[in-house]
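The values are calculated or read from the model by the stated rules, or taken from the named source; none is laboratory data. Computed from a prediction, not measured in an experiment: that's the story for all the values here. Heads up, the Cβs are rebuilt from the backbone with ideal geometry, glycines too, and the neighbour counts pull from every protein chain shown. For accessibility, only protein heavy atoms count, side chains too; no ligands or nucleic acids. Shrake-Rupley method; radii C 1.70, N 1.55, O 1.52, S 1.80 Å.
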Amino acid sequence: MVEWVRLTVINDNKPNSPLLNDWGWSVLVETDQWTLLYDADTEPRIMENNIDVLGINLGKVDAAFLSHYHRDHYGGFEYIGKVRSGLIVYVPETDKVLTKWGLTPVTVNSPREILKDAVTTGTMRGMGINEHSLVVKLSNYGSVVIVGCSHPGIDNIVRKVHEMFGNIYLVIGGFHEPSRRQLDIVAEYSRYVCPAHCSGDEARNYVKSNYSNKYCNVKTGISIKLPAL
Ligand SMILES: [Fe+2]
């Protein structure tokens, strides 16, 4: 199990000047064991700028993860390919673009460990999209779940992770404008709920007002160190 996790939001839809931002999602996931880049936003220039301003050393990244093949998650990999040629990127279906940018996509179909105590849910399908999510097993606290856009349904993803590993500590990422019922399920299973990216203000406000002790406010540039919010 990993002892700690630090999530640094390289870009989210929510701005945080002077960092650049647009509609997209990218998170650096650091632990005591390894460092992983989760998704890479839309724009190479935004990735380059924010990585620089946040002082992130891409040389330390052990692997990357692409939740699904939508541009607001893979566009910035064009920049990553230039500075980290050959980097392995775990993807949910046959590659469409990363190979041509000099990266090494590895397709995962079923759940598997990709780094020590980091597991992909395996490809789940929803709204016609193949997408996978990342689970980091945090010692004594349960799973930290990082999602891209939740096309398979954030409730289905959370249920699957709970079936696989039990307690969930935190869920962060795009929830794709979920229903209140879906948010209730996420809140039922997880200690902390962090709607970001495509979740929508309605979802954020719902969690904030109904589950204030679980809510965390995500925007471009923030860092969340776990355990201990
Ligand atoms: Fe998205």
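Please determine whether any residue of segment 61-68 is out of contact with any helix residue (DSSP H, G or I) (no Cβ under 9 Å at 6 or more places or on another chain), of a type in the set (A, V, I, L, M, F, W, C) and more than 16 Å from the ligand (Cβ to nearest atom).
Start the filter on segment 61-68 by keeping residues that are out of contact with any helix residue (DSSP H, G or I) (no Cβ under 9 Å at 6 or more places or on another chain), which leaves 62-63, 65.
Filter again for of a type in the set (A, V, I, L, M, F, W, C), leaving 63, 65.
The next check asks that each one be more than 16 Å from the ligand (Cβ to nearest atom); those that pass are 63.
Checked segment 61-68: at least one residue is out of contact with any helix residue (DSSP H, G or I) (no Cβ under 9 Å at 6 or more places or on another chain), of a type in the set (A, V, I, L, M, F, W, C) and more than 16 Å from the ligand (Cβ to nearest atom).
Please work out which residue is nearest to HIS197 (Cα to Cα), limiting yourself to segment 1-55 and to residues that are buried (at least 22 other Cβ atoms within 10 Å of the Cβ) and among the small types (Gly, Ala, Ser).
GLY24
Pick from segment 125-148 the residues that are touching a residue at least 40 places away in the same chain (Cβ under 8 Å) and among the charged types (D, E, K, R): which of them is least open to solvent (accessible area, probe 1.4 Å)?
It comes out as GLU131.
Residue-by-condition table, conditions (1) under 17 Å from the mean Cα position of the chain (by Cα); (2) under 22 Å from ASN109 (Cβ atoms); (3) modelled with pLDDT of 95 or more:
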{"site": "MET47", "(1), (2), (3)": "yes, no, yes"}
{"site": "ILE51", "(1), (2), (3)": "yes, no, yes"}
{"site": "LEU54", "(1), (2), (3)": "no, no, yes"}
{"site": "ALA63", "(1), (2), (3)": "yes, yes, yes"}
{"site": "TYR69", "(1), (2), (3)": "yes, yes, yes"}
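Could you count how many residues in segment 180-210 are under 24 Å from GLY122 (Cα atoms), more than 16 Å from the ligand (Cβ to nearest atom) and of a type in the set (Ser, Thr, Tyr)?
3
With respect to LYS208, is the statement that it is open to solvent by 40 Å² or more (accessible area, probe 1.4 Å) and outside any helix (DSSP H, G or I) true?
No: the conditions fail for LYS208.
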